[in-house]
Amino acid sequence: MNPIQCFISIFSLIHLLHISSALLDPADFLALQSIRKSLQDMPGSNYFSSWDFTSDPCNFAGVYCQGEKVVALNLGDPRAGAPGLSGRLNPSIGKLTALAEFTVVPGRIMGALPATLSELKNLRFLAVSRNFISHEIPANLGVLQELRTLDLSYNQITGGLPSAIESLPKLTNLILCHNHLTGSIPVFVSQALTRLDLKHNELSGPIGPDSLPSSLQYLSLSWNQFSGPVDQLLPRLNKLNYLDLSLNQFTGPIPGCVFGFPITNLQLERNQFTGPVLPENSVAIQTVDLSHNMLYGQVSPLFATVRNLYLNNNRFTGSVPTCFVDRLLGGDIQLLYLQHNFLTGMPINQRTAIPLASSLCLQYNCMVLPVQTPCPINAGTQKTRPTSQCIEWKG
């Protein structure tokens with residue numbers, strides 16, 4: 001290219017930038033160009049059809065401006081079921097220095113999160129979920145002091161939780177479920193944190209009594225390998241309206257105050273909890289699942305107010321309280337699973353008809369079944385526990 005041609009090309013570029021970004025900072029204009037080159041519409045998507053760089057980028061789909069700067073970038077068609085994008089996230093995202101919101105719809109975007117995200121000092125909302133993001137969470141995201149929401153769920157992220165993330169002072173929502181995270185949970189600093197979702201990872205170790213802030217309202221840790229007791233942790237989290245600790249290795253007793261939390265579903269199944277279960281008052285939770293633990297003692301009559309109660313596969317003994325029979329026959333209990341315990345009876349007449357809308361399973365206990373009811377397949381075929389086991393457990 002001769003000097004004249006070079007001059008004409010530079011002049012044309014400057015002219016194009018002047019026309020196309022008359023209301024947009026040139027650095028933001030070039031950053032959007034780089035981001036566009038690294039991504040493609042998946043088949044059936046036409047999200048990028050409006051990204052014509054001969055026009056004002058502030059009119060592009062998903063681009064929102066204030067003054068000369070891009071303040072929000074939502075990549076992909078937000079409609080449910082719409083095809084997403086493929087490709088990789090370009091490091092030029094860090095040039096959008098006024099960006100406060102960055103989201104990506106579900107698609108097939110791969111590779112690591114750009115480390116340049118740490119340059120977005122005004123970023124408040126970062127959500128790149130249901131894609132194929134891999135590698136570790138950039139540790140330098142901890143410099144984003146304004147960040148409120150971090151959602152990287154349903155990806156292929158590995159490594160641990162960077163300690164800097166837990167130190168973010170304004171973080172309210174941390175959603176990292178369905179990844180391949182390892183390691184333990186450190187102490188969270190933010191007293192604004194209300195939602196913590198880490199389910200379906202490979203996290204492990206005990207959780208200290210002061211690791212989680214009392215501001216939490218939603219806590220899901222299921223499908224991990226957490227261990228140790230929670231009897232000092234949970235009483236501090238009395239603002240919870242959702243709690244799922246299922247499919248871990250938690251041990252020790254379940255504190256009675258948990259059954260008074262303002263939650264709809266309590267999921268503590270498939271752990272190694274032990275001890276008697278003693279609610280402090282009648283339980284207003286609709287579904288309580290304590291199955292597949294090592295809980296023992298008598299079934300508390302305070303559980304009779306629960307609509308769906310799973311106490312199966314534990315070591316409960318004694319007779320089922322009469323109040324359960326009354327509420328079951330009245331249709332107030334929809335599901336009562338008591339199979340695979342050491343229960344010795346239930347005061348119900350063998351001619352009694354269980355309401356069709358209700359499910360009762362009593363098999364494999366230390367009793368002759370007072371009524372014949374259908375049980376789930378995984379309850380097995382044996383109706384009564386062997387006498388030798390009942391004698392041994394009673395002894």
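The values are calculated or read from the model by the stated rules, or taken from the named source; none is laboratory data. Keep in mind it's a predicted model, so treat the numbers as computed, not measured. So basically every Cβ, Gly included, is an ideal-geometry build from the backbone, and we count neighbours across all protein chains shown.
S246 fulfils the conditions (1) among the polar types (S, T, N, Q); (2) farther than 19 Å from L181 by Cα; (3) touching a Lys or Arg at 6+ places or on another chain (Cβ under 7 Å) except for a single criterion, (2). Taken over the stretch 45-66, the criterion of being buried (at least 17 other Cβ atoms within 10 Å of the Cβ) and within 17 Å of G107 (Cβ to Cβ) is satisfied by S45, Y47, F48, W51, G62.
Selection within the stretch 167-178: residues that are in contact with a Leu (Cβ under 7 Å, 6 or more places away or on another chain) and part of a loop (DSSP other than H, G, I, E, B). The member of this set that is surrounded by the fewest Cβ atoms within 10 Å (Cβ to Cβ) is K170. Among the residues of the stretch 307-343, those that are assigned to a strand (DSSP E or B), surrounded by 16 or more Cβ atoms within 10 Å (Cβ to Cβ) and without any contact (Cβ under 8 Å) to a residue 60 or more places away in the chain comprise N308, L309, Y310, F316, L335, L336, Y337, F342, L343. The residue that is farthest from G142 (Cα to Cα), counting only those in the stretch 186-204 that are at pLDDT 95 or above and in a loop (DSSP other than H, G, I, E, B), is H200.
Count of the stretch 146-166 residues, restricted to those that are over 18 Å from T194 (Cβ atoms) and either assigned to a loop (DSSP other than H, G, I, E, B) or not β-branched (V, I, T) (or both), is 9. Please verify whether the stretch 373-386 includes one or more residues that are part of a loop (DSSP other than H, G, I, E, B), touching a helix residue (DSSP H, G or I) at 6+ places or on another chain (Cβ under 6 Å) and within 21 Å of Y296 (Cα to Cα). Within the stretch 373-386 (the criterion being part of a loop (DSSP other than H, G, I, E, B), touching a helix residue (DSSP H, G or I) at 6+ places or on another chain (Cβ under 6 Å) and within 21 Å of Y296 (Cα to Cα)), the answer is no, since none of the residues qualifies. Could you check how many residues of the stretch 140-165 are surrounded by fewer than 19 Cβ atoms within 10 Å (Cβ to Cβ) and touching a helix residue (DSSP H, G or I) at 6+ places or on another chain (Cβ under 7 Å)? Residues flagged as surrounded by fewer than 19 Cβ atoms within 10 Å (Cβ to Cβ) and touching a helix residue (DSSP H, G or I) at 6+ places or on another chain (Cβ under 7 Å) within the stretch 140-165 amount to 5. Name the single residue, out of those in the stretch 72-123 being over 23 Å from the mean Cα position of the chain (by Cα) and of a type in the set (D, E, K, R), that is farthest from N140 (Cα to Cα). If we take residues in the stretch 72-123 being over 23 Å from the mean Cα position of the chain (by Cα) and of a type in the set (D, E, K, R), then D77 is farthest from N140 (Cα to Cα).
Only one of the numbered conditions (1) touching a strand residue (DSSP E or B) at 6+ places or on another chain (Cβ under 8 Å); (2) part of a loop (DSSP other than H, G, I, E, B); (3) not acidic (D, E) is not met by G208, and that is (1). Please pick out the residue among L23, L17, L30 that is modelled with pLDDT under 95, in a helix (DSSP H, G or I), within 21 Å of K95 (Cβ to Cβ) and of a type outside the set (V, I, T). Step by step, each of L23, L17, L30 is checked, and only L17 is modelled with pLDDT under 95, in a helix (DSSP H, G or I), within 21 Å of K95 (Cβ to Cβ) and of a type outside the set (V, I, T).
So K69 ticks every box in (1) closer than 25 Å to L176 by Cα; (2) modelled with pLDDT of 95 or more but one. Which box is left unticked? For K69, the exception is condition (1). Looking only at residues of the stretch 276-306 that are surrounded by fewer than 18 Cβ atoms within 10 Å (Cβ to Cβ) and closer than 19 Å to T344 by Cα, we find that the one that is nearest to the chain's Cα centre (by Cα) is M294.
Here L181 fulfils each of the conditions (1) surrounded by 15 or more Cβ atoms within 10 Å (Cβ to Cβ); (2) modelled with pLDDT under 95 apart from (2). For the stretch 290-302, how many residues meet the condition of being in contact (Cβ under 8 Å) with a residue 40 or more places away in the chain and closer than 26 Å to T352 by Cα? Residues meeting the conditions: 2. Restricted to the stretch 348-366, and to residues there that are assigned to a loop (DSSP other than H, G, I, E, B) and at pLDDT 95 or above, the residue that is surrounded by the most Cβ atoms within 10 Å (Cβ to Cβ) is L362.
Does N281 satisfy the condition of being within 30 Å of Y154 (Cα to Cα), modelled with pLDDT under 95 and not in a strand (DSSP E or B)? So N281 fails the test. For the stretch 226-249, the count of residues that are surrounded by 15 or more Cβ atoms within 10 Å (Cβ to Cβ), aliphatic (A, V, I, L, M) and in a helix (DSSP H, G or I) is nonzero.
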